[in-house]
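Beneath this line is the structure, given in C-alpha cells, with notes to follow.
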Amino acid sequence: MLETERLILRPLVEDDVDAIYAMRSDADVMRFIREPQNRRESADWINLVSSRWHDEKIGFCAMIEKSSNEFVGWCGIWRLKETKELEIGYAVAKDFWGKGLATEAALEFLGYAFEELSPEKIVAVAQPENAPSRRVMEKLGMSYDYTGVFYSSDLVCYSITKKEFKQDEQDEK
C-alpha cells in the first residue's frame, strides 16, 4: 500500500496473526497500550483494524522491514472514538525499538491521510509516562494539546494540522 526508505506498509492479513500475537502478548510492547491479548483476540484485532479500509480508507498496516522482510510492527490511521478525529497510531516489536521505524512509518501515514482524507488535523494519544511514543509524536511535528480521557484512560493528546505538516515537509527539502 505505502512504502518508505526502509519499510513496506501493507494491509494486515490473516497470516500476520502470529506476529501480531507475539507483539500483543509482549508485556513490554503493550505496557502503554493495553493488557496483553491471546491469539484469538489478536486475530479479531486484525479483522477490526482492517475493516474500515474499503469504506473509510483508514486502518492499520503491517510494517515490513525491506532488508530482512521481517514484520516489525503496525502503523496507521484510526478514528478516535471519543472525538471522531483521525488518529495516527503505531507499535514496534521490541527487537526493532530505537531505529526510528515508528516515526518513518507514521510520517508516511500522515502524508497519506492529509492527501487522501483531507482532515484539518490529525491527533495522537498516549499514556503520559510513555516517553518513547511522545518523542515520536514530537518528531512528527505534533504539539501537545491537553490531557483527556481516551480509551477509558487519562492520555495526553498531541496534534498536527495539515498546514503544519506541509510546512514541515517544505522545511526538510
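The values are calculated or read from the model by the stated rules, or taken from the named source; none is laboratory data. As the structure is a computational prediction, the values presented were derived from the model and not from experiment. Please note: Cβ atoms are built from the backbone with ideal geometry, for glycine as well, and neighbour counts cover all protein chains shown.
Out of GLU87, GLU104, which single residue is in a strand (DSSP E or B), at pLDDT 95 or above and among the charged types (D, E, K, R)?
Criteria check complete, one pass: GLU87.
When both residues are 6+ apart or on different chains and their Cβ atoms are under 6 Å apart, which pairs have a first residue that lies in the range 95-109 and is more than 13 Å from LYS66 (Cα to Cα), and a second that is of a type outside the set (Asp, Glu) and assigned to a helix (DSSP H, G or I)?
Once the first residue is more than 13 Å from LYS66 (Cα to Cα) and sits in the range 95-109, its partners that are of a type outside the set (Asp, Glu) and assigned to a helix (DSSP H, G or I) give ALA102/VAL136; THR103/VAL136; THR103/LYS139.
Within the range 108-124, track down each residue that is out of contact with any Asp or Glu (no Cβ under 9 Å at 6 or more places or on another chain) and either assigned to a helix (DSSP H, G or I) or among the aromatic types (Phe, Trp, Tyr) (or both).
PHE109, LEU110, TYR112, ALA113, PHE114, GLU115, GLU116
Can you tell me which residue is modelled with the highest pLDDT among those in the range 27-46 that are of a type in the set (A, V, I, L, M) and either touching an Asp or Glu at 6+ places or on another chain (Cβ under 8 Å) or not in a helix (DSSP H, G or I) (or both)?
ILE46
Provide a single number: the residues in the range 2-21 that are surrounded by 14 or more Cβ atoms within 10 Å (Cβ to Cβ) and farther than 28 Å from SER152 by Cα.
7
Scan the range 112-126 and tell me whether some residue there is crowded, with 17+ Cβ neighbours inside 10 Å and within 18 Å of ALA62 (Cα to Cα).
Yes, there is a match, as at least one residue in the range 112-126 is crowded, with 17+ Cβ neighbours inside 10 Å and within 18 Å of ALA62 (Cα to Cα).
Let me spell it out: the conditions are (1) surrounded by 17 or more Cβ atoms within 10 Å (Cβ to Cβ); (2) at pLDDT 95 or above, and ARG24 meets all of them except one. Which number is the exception?
Answer for ARG24: the failing condition is (2).
State whether the residues of the range 125-144 include one that is in a strand (DSSP E or B), over 19 Å from GLY76 (Cα atoms) and not polar (S, T, N, Q).
Yes, because at least one residue in the range 125-144 is in a strand (DSSP E or B), over 19 Å from GLY76 (Cα atoms) and not polar (S, T, N, Q).
Between ASP95, ASP168, ASP145, which is touching a Gly at 6+ places or on another chain (Cβ under 7 Å), of a type in the set (D, E, K, R) and either under 21 Å from LEU9 (Cβ atoms) or surrounded by fewer than 21 Cβ atoms within 10 Å (Cβ to Cβ) (or both)?
Checking each option against the conditions leaves just ASP168.
Being out of contact with any Phe, Trp or Tyr (no Cβ under 9 Å at 6 or more places or on another chain), among the hydrophobic types (A, V, I, L, M, F, W, C) and modelled with pLDDT of 95 or more narrows it down to one of VAL125, VAL149, so name that one.
Within the list VAL125, VAL149, the selection yields VAL149.
Please give the number of the condition SER159 fails out of (1) assigned to a helix (DSSP H, G or I); (2) touching a residue at least 12 places away in the same chain (Cβ under 8 Å); (3) polar (S, T, N, Q).
That leaves (1) as the condition not met.
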